[in-house]
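Comments concern the structure below.
The values are calculated or read from the model by the stated rules, or taken from the named source; none is laboratory data. Small disclaimer: the values here were computed from a predicted structure and weren't measured. Note that we place each Cβ from the backbone using ideal geometry, even for glycine, and neighbour counts take in every protein chain shown. Just the protein is used for accessible areas: all its heavy atoms, side chains included, with ligands, DNA and RNA removed. Shrake-Rupley method; radii C 1.70, N 1.55, O 1.52, S 1.80 Å.
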Amino acid sequence: MTAASVTALLAVVFGSASPGAPVRAAKAPVTCSVAEPPAYYAFPLVSTRRVPGSGRAAGVGQLTFAPSPFGLALSAEGHYRYRIALTVDRLASPAVGTYVVWVTTPELDRIEVAGAFDDRHAMEVEVDFNKFLVVITLEDAYDPEAAMWSGPIVLRGMSRSGMMHTMAGHGPFEQENCAAYGY
Amino acid sequence: MRPTATDPARRGRVSALGLLAALLLAMPGAAAAQAGMTHRAMLPGGWRMPPMDSEMPVLPGLGGAVPPVSAFLPGVGVDLSSLPEAKPSVVVEMADGDTLDIVISLVRREILGRDYAMYGYNGQYPGPLIRAEQGSTVVVRVTNEIELPSSVHWHGVRIENRFDGVPGVTQAPIETGESFTYEVRVPDAGMFWYHPHSREDVQQDLGLYGNLLVSSPDPGYFGPAHREEVLVLDDILMDDQGMIPWGGESPTHALMGRFGTVMLVNGLTDYHLDVRRGEVVRFYLTNVANTRTFNVRFPGARLKIVASDIGKFEREEWVGSVPIAPAERYVVDVRFDRSGETHILNSIQAINHFRGEFYPHVDTLGTVSVSEELAESAISQGFETLRENEDVQADIDGFRQHFARPPDYELETTLRVRNLPLSIVRLMEIDTLYVPPMEWNDAMPMMNWLSTGTQVTWILRDRATGAENGDIDWTFDVGDVVKIRIFNNPDAFHPMHHPIHVHGQRYLVLERDGVPNPNLVWKDTAVVPVGSTMDILVEMSNPGEWMIHCHIAEHLHAGMMFSFEVRGDAN
């Protein structure tokens, strides 16, 4: 994925769509679209700029459902099972060590090492967390048994579901007594 | 005020004057006519608000608000004790040419210890389980004795068009006291079902559904199983005073559909099955709920997915659960290896919008008691084999030449709203920071309840022409193989998933979001999650005028449908 397409994708993800506005019928015929992972659920991978060669790096995680005879892939407990295609542009290969990909819950109570980036700085990982973070670190070596990263964080990203937040104090609930709900 | 049917081909809008009249004519106390109900929490017009999670505050400014349509409950004024008690479904084996009489009538049904006036096909819940041989034709003579016009749609059957059961398209509605005779030819093996196509948000919810199980003449069509069980999955919306009324002129719950609070399997709240250890049970699952998608689990048992709407998968697969959207069917073989009591569960990750959190939610759909006695071992061992279905693969081979070509048509799903209360609009605006691919629970019951088909228009839009719903004009010839891309636009006021049903034809789901489907099966209904793109390949094999629509009942009656024509003669 090129920088331009990443920019375009981020514009879609965080763009100026006006969800409250009525959607009107298209006036003119549209051209045939290309079927691809849903832009809505894609999320950016943002550089921490802490690692040499990563200052201009930017990437994206694109979600599709994991293979399933139902089309919709779920765990037995009902979590979505996603396959995330991670790609990063403008990331220099490390002089020493390797880039390792981790997926974790936002609370960091579950951390899983997903694998090491290939030479193209891309890989696919599967995840079934409701909300999740993708963390890419620079490690001395890839250890599939590692429980936690030890190297510096190079890039990180958050699933779109992570943007779901409490409504207490917002919109129609701005006068609501948040303390009554444990906030 | 009785529910009014919406002509699917020429859907009109309820005028403001009509709404006012409806409100004036609404019958206070109609809801209270249900047995034992009190006026304790009564709202204007006989309404009661659906139960809400105690953590979810009432929307500011909406205390005492009711939907802008009249409240409807069946059998108002009828002495419940005068109604026949509903009975469990009866199996009806039908040979080629046999005739079955079905009467649609009011019945008295007990749910959680209370009696209600509901509907039944031949007084049964579900309706009779009709079994027929592939290739046969059975005749079903339907008489309508309820207060609403009705019809019977034979869901998934590539039936002769005039018997498809769609008022305004293939037949006139069956008015109260009238009859209609359906000749149901069944060219495909599979688990089909029948239901009204006239205000099914009301009639189907009140019990009008049944299965049609069509068996292949090939005795080896499926692998071995000790027995077969039919599970019809449903839910119904109730509180401690009884059923929440339905919308009279138009459905309530138009945004998300009417989620129930009580789970029903084969119409029961306490479904139970006794099996032996090692027994392989072939479950035929049908989701007849208005809007709920289930994720069905059998903890402690092993599951093998075998078939779906119209026949077998290309190959069997082990699965951990069965996600099943409204109107879909799945056939799953389950082996119970551990003795003791286990449950059939609906396991989901629900959303608490107020807190902005997912949380695990489990409904117990039924119980299974597994005895120590061992089932016959040859069948148990045969379960270990995952079959490649070469007959299915050979059938699909004739269509693979079409898989890679661009789509012939593109549909987009979205919605338009008007006159919704401001609180709801504001809530939606902040809620769209994240819209889940699927709505597994009614996370905002009040907002959902207050939205009606008079305020919400769900839309299928032809992306090439911009035409919407009934204005879409598609014509095909028998023998055409048509690739349709369906995109569920997330940039809408309140996007939601849609189970898309095509009448009278069969289709393959080729791709989702650009990822090819590695295990095909013929479908008539498949779900498109929010933001997703689904490519389907439709075999136009059956002439006539046919519907495409969302099978969330409230979305259907909020406009999400159109008809297309297939010209030519039947093969």
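Please tell me if B:G97 is more than 25 Å from B:L268 (Cβ to Cβ) and away from every other protein chain (no Cβ under 14 Å). So B:G97 passes the test.
Among the candidates A:R49, A:R90, A:R56, A:R83, single out the residue that is within 14 Å of chain B (Cβ to nearest Cβ) and either acidic (D, E) or under 19 Å from the mean Cα position of the chain (by Cα) (or both).
After ruling out the rest, the residue left standing is A:R83.
Restricting attention to the stretch B:436-459, does a residue exist that is open to solvent by 20 Å² or more (accessible area, probe 1.4 Å) and more than 12 Å from chain A (Cβ to nearest Cβ)? The answer is yes; a qualifying residue exists. Can you find a residue that is crowded, with 23+ Cβ neighbours inside 10 Å, more than 23 Å from B:A189 (Cβ to Cβ) and polar (S, T, N, Q) anywhere in the stretch B:485-502? Yes, the conditions are met somewhere in the stretch B:485-502. Given the structure, is B:L433 crowded, with 19+ Cβ neighbours inside 10 Å and within 7 Å of chain A (Cβ to nearest Cβ)? In short, no. Taking the stretch B:460-470 as the range and being open to solvent by 30 Å² or more (accessible area, probe 1.4 Å) and within 22 Å of the chain's Cα centre (by Cα) as the test, only B:G470 passes.
What do you reckon, is B:V478 more than 23 Å from the chain's Cα centre (by Cα), open to solvent by less than 40 Å² (accessible area, probe 1.4 Å), among the hydrophobic types (A, V, I, L, M, F, W, C) and not assigned by TED's automatic domain parsing to the domain that holds B:H555?
Against the criterion (more than 23 Å from the chain's Cα centre (by Cα), open to solvent by less than 40 Å² (accessible area, probe 1.4 Å), among the hydrophobic types (A, V, I, L, M, F, W, C) and not assigned by TED's automatic domain parsing to the domain that holds B:H555), B:V478 does not qualify.
Each row is one residue, and each column tells you yes or no for (1) of a type in the set (V, I, T); (2) touching a Gly at 6+ places or on another chain (Cβ under 9 Å); (3) within 14 Å of another protein chain (Cβ to nearest Cβ).
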site	(1), (2), (3)
B:N469	no, yes, yes
B:G479	no, yes, no
B:H501	no, yes, no
B:V509	yes, yes, yes
B:D535	no, yes, yes
B:A553	no, yes, no
B:G568	no, yes, no
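Here B:P74 passes the criteria (1) open to solvent by less than 30 Å² (accessible area, probe 1.4 Å); (2) at positive phi except the one numbered (2).
More than 10 Å from every other protein chain (Cβ to nearest Cβ), among the hydrophobic types (A, V, I, L, M, F, W, C) and either within 28 Å of B:G123 (Cβ to Cβ) or open to solvent by less than 10 Å² (accessible area, probe 1.4 Å) (or both), is that true of B:L268? Yes, satisfied. For the stretch B:315-364, a tally of residues being more than 8 Å from chain A (Cβ to nearest Cβ), open to solvent by 10 Å² or more (accessible area, probe 1.4 Å) and of a type in the set (S, T, N, Q) returns 4.
All conditions but one from (1) surrounded by fewer than 19 Cβ atoms within 10 Å (Cβ to Cβ); (2) more than 7 Å from chain A (Cβ to nearest Cβ) apply to B:S380; the one that does not is (1).
Scanning the stretch A:94-139 for residues that are open to solvent by 20 Å² or more (accessible area, probe 1.4 Å), free of Cβ contacts under 8 Å to residues at least 60 places away in the same chain and part of a strand (DSSP E or B) gives A:T98, A:I111, A:E112, A:V113, A:A114, A:A116, A:M123, A:E124, A:L133.
Hey, does the stretch A:150-166 have a residue that's within 25 Å of B:A443 (Cα to Cα), at pLDDT below 95 and among the aliphatic types (A, V, I, L, M)? Within the stretch A:150-166, one or more residues are within 25 Å of B:A443 (Cα to Cα), at pLDDT below 95 and among the aliphatic types (A, V, I, L, M). Here B:D473, B:D513 are screened, and the one residue that is open to solvent by 10 Å² or more (accessible area, probe 1.4 Å), acidic (D, E) and out of contact with any Gly (no Cβ under 8 Å at 6 or more places or on another chain) is B:D473. Out of curiosity, is B:I396 within 30 Å of B:P495 (Cα to Cα) and either of a type outside the set (S, T, Y) or not assigned by TED's automatic domain parsing to the domain that holds B:P495 (or both)? Criteria not met by B:I396.
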